Amino acid sequence: MRHIGMPAPGFRVPALLAGTLTYLGSTQFTGRWTTVCFLPYVGIVKPDFLDHHADHLDRLDTTLLIVSSGTRPLHRVWLDRPTTPRTPLLYDPLGRLHRSFGVALAQTPVRCQTFLIDRAGLLRFHLIHDFTDRGLGALREIVTLNQAQDTDRVAARNTVANAREEVMNS
């Protein structure tokens, strides 16, 4: 398991993206805040619910990735549904992504573990929560707070750099 402040594990896994089976990798999200949510059984979640919360996070310049922890092939979960989510659904059939993040495969069906990864690819937060409006609302608050802290760090670095430049120029 990686620790907060360390680089997030890299990955390339099968995914369902807007109804199409493809592969997604961690490098595709470099430069963008990303939440990786391990959901034990994605089949219990409605596509509209996923997309609604993904849209909220997108307004915060953050991508929501859902990792299916179930053993059923990911595309079969959505075959009988009239719509598929726009939210990327990652499939981890061998459990490698789970192991690299330190997440157990057997969990309560609606409890998930979510990791927040910053633009630089560092793990910033780990949250265990229910996959509900309330749990995802808490995740949005955590994203907002971490982004504000990141902005404050950049502003502080710029202030120090400007002060050094003034001292050198005087």
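The values are calculated or read from the model by the stated rules, or taken from the named source; none is laboratory data. Keep in mind it's a predicted model, so treat the numbers as computed, not measured. Positions of Cβ are backbone-derived with ideal geometry, glycine not excepted, and every protein chain shown enters the neighbour counts. The protein model used for the area step is the full one, side chains on, heavy atoms only, and it has no ligands, DNA or RNA in it. Shrake-Rupley method; radii C 1.70, N 1.55, O 1.52, S 1.80 Å.
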PHE49: modelled with pLDDT of 85 or more and in a helix (DSSP H, G or I), yes or no?
yes
(1) farther than 15 Å from ARG140 by Cβ; (2) out of contact with any Leu (no Cβ under 6 Å at 6 or more places or on another chain) all hold for THR62 apart from (1)
Subset of the range 123-138, residues open to solvent by 60 Å² or more (accessible area, probe 1.4 Å) and either within 14 Å of THR62 (Cα to Cα) or of a type in the set (Lys, Arg) (or both), comes to PHE125, ARG134
Selection from the range 87-108 of residues at pLDDT 90 or above and polar (S, T, N, Q) yields SER100
Listed by first then second residue, the pairs whose first member lies in the range 7-20 and is basic (Lys, Arg), whose partner is part of a strand (DSSP E or B), with beta carbons under 9 Å and at least 6 positions apart or on separate chains, are ARG12/TYR23; ARG12/LEU24; ARG12/GLY25
Of THR22, THR34, THR27, the only residue that is part of a strand (DSSP E or B), open to solvent by 50 Å² or more (accessible area, probe 1.4 Å), under 23 Å from ARG99 (Cα atoms) and among the polar types (S, T, N, Q) is THR22
Taking the range 61-85 and keeping only residues that are modelled with pLDDT of 60 or more, surrounded by fewer than 16 Cβ atoms within 10 Å (Cβ to Cβ) and not hydroxyl-bearing (Ser, Thr, Tyr), one is left with ASP61
